[in-house]
Amino acid sequence: MKLGIVGLPNVGKSTLFNAITNAGAESANYPFCTIDPNVGVVAVPDSRLDWLSDFYQPKKTTPAVIEFVDIAGLVKGASKGEGLGNKFLGNIRATDAIVHVVRCFDDSNVIHVEGSTDPERDIGIIDIELIMADLEMVDRRIDKAQKAAKGDKKFLQEVEVFQGLRAWLNDGKSARTYEIDIAAEYPDCELLSLKPIIYAANLDEEGFSHYQGVPYYQQVAAIAENEGAQVIPVCAKLEAEIAELDGEEKAMFLDDLGIAESGLDRLIKASYALLGLISFLTSGEDECRAWTITKGTKAPQAAGKIHTDFERGFIRAEVVNFDDLKAHGTMAAAREKGLVRSEGKDYVMKDGDIVLFRFNV
């Protein structure tokens, strides 16, 4: 699963990406310092896995991961090839969701490509470029469906749906807010403005400490609420400093700031959830591991994530709730209390399930 980090030039995308992945993407005070997309894989924070690792002291601990792609800054006219437009649109097309970084601070030392800070305008610039690229795809879809309808009337409904979507896009509104769930009805339709989105409101240190009172943040929050999207306040500069600290130093630093977890940790967790992902856990002296599955996955398919033989020869899953295990200390104690369940092929996995799969091949 890939998330594309997007935004106008110089809004803090690469600084944020560096903090997330420690991948060292070049960050400089001029547009297009990120020419090719930088890719980084980052662990999904999970206190349950941390607890299991502390308890079992395994040889190895493996977290769930998510992939972030830092995509070059976009400017007006990208849909027509301006700046790095074609490259930008192609790179975002290859992602599953978008993290849209929006500048929410004033700083005369950091050049803004539009000359001033205005989150609503900045979001609008990127939205319009994505929508204009989508309009070309929608026009082609309508044309194709109209031709197909000459031989099969069932395509007339598709023509009607996409003509309505075209009018919607022409009003400057994104496909993800359209009244019909295009992604569900037409899963082969890869529109850019259909991708799920999280807004990362990038504030300076002073603004981050009281972000609810920052007018720039409120602009982003209002747009996110209107779209049914999430907004996460971050201070990319501060997060880059936090990312350099080890676990104990990080905890002390966050405590001094008066926050429970960093903006980045919240962003990573929110991104994981945005993609409809959950984790189940396996534990033992050899390895404690979080495994990524989509919501609604049944036990045999979850077992197949570990090894195809587990799915092929699935017998049952022995499942315990993490909180139950933590409360009773050991699997044996939880079993004595009747808290370890035996689940069959139709069991739908839940986030945080600790599982032992029984199989035979």
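The values are calculated or read from the model by the stated rules, or taken from the named source; none is laboratory data. It should be emphasised that the depicted structure is a prediction, and the values quoted were computed from it without experimental measurement. Every residue, glycine among them, receives a Cβ derived from its backbone with ideal geometry; neighbour counts consider all protein chains shown. Ligands, DNA and RNA are stripped out before the accessible areas are found, and what is left, the full protein with its side chains, is counted by its heavy atoms. Shrake-Rupley method; radii C 1.70, N 1.55, O 1.52, S 1.80 Å.
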I want the antiparallel fraction of DSSP beta bridges within the chain, as a percent rounded to 5.
50
Rounded to the nearest 10 Å², the accessible area of R335 using a 1.4 Å probe with every protein chain kept is 120
Listed residue (F314, A303, V231) projecting farthest to the positive dipole end of segment 227-345, Cβ model
F314
Inter-probe distance in nm under a simple model that places probes 7 Å from Cα toward Cβ, at V361 and E249
4.5
When the chain is treated as a GNM, springs tying every alpha-carbon pair under 10 Å, which of P58, P300, P196 comes out with the largest mean-square fluctuation?
P58
Straight-line reach from K305: which lysines fall under 26 Å, measuring Cα to Cα and dropping same-chain residues less than 8 apart?
K2, K59, K60, K195, K269, K295, K326, K345, K350
For segment 92-226, projected area of the alpha-carbon convex hull averaged over all directions, nm²:
9.4
Taking square-rooted eigenvalues a ≥ b ≥ c of the alpha carbon gyration tensor, is segment 160-289 rounded, prolate or oblate, where a/c under 1.5 means rounded and, failing that, a/b exceeding b/c means prolate?
oblate
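Using helices alone, I'd like the mean residue ellipticity at 222 nm for the chain: each DSSP H run of four-plus residues gives -39500 (n - 2.57), total over residue count, nearest 500. Walk me through the numbers on the way to the answer.
Numbers: 15 runs with 154 residues, N = 361.
Result for the chain, helices only: -12500 deg cm²/dmol.
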Debye log10 I(q)/I(0) at q = 0.09, 0.23 Å⁻¹ for segment 234-341, Cα point scatterers
-0.38, -1.19
Suppose all protein chains stay in the model; what accessible area per residue would a 1.4 Å probe give for segment 110-255, in Å²?
53
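To the nearest 20 debye, what charge dipole does segment 251-293 have about its Cα centre, counting +1 at the Cβ of each Lys and Arg and -1 at the Cβ of each Asp and Glu? Can you show the working numbers first?
Values: 3 positive and 7 negative charges, 62 e Å.
Charge dipole, segment 251-293, about its Cα centre: 300 debye, nearest 20.
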Taking all protein chains in place and a 1.4 Å probe, what share, in percent, of the accessible surface of the chain do carbon and sulfur account for?
48
If you take the square roots of the eigenvalues of the alpha-carbon gyration tensor of the chain and sort them as a ≥ b ≥ c, do you get rounded (a/c under 1.5), prolate (a/b over b/c) or oblate?
oblate
Please work out whether segment 86-152 counts as rounded, prolate or oblate from its C-alpha gyration tensor, where a ≥ b ≥ c are the square roots of the eigenvalues and a/c under 1.5 means rounded, while otherwise a/b larger than b/c means prolate and anything else oblate?
prolate
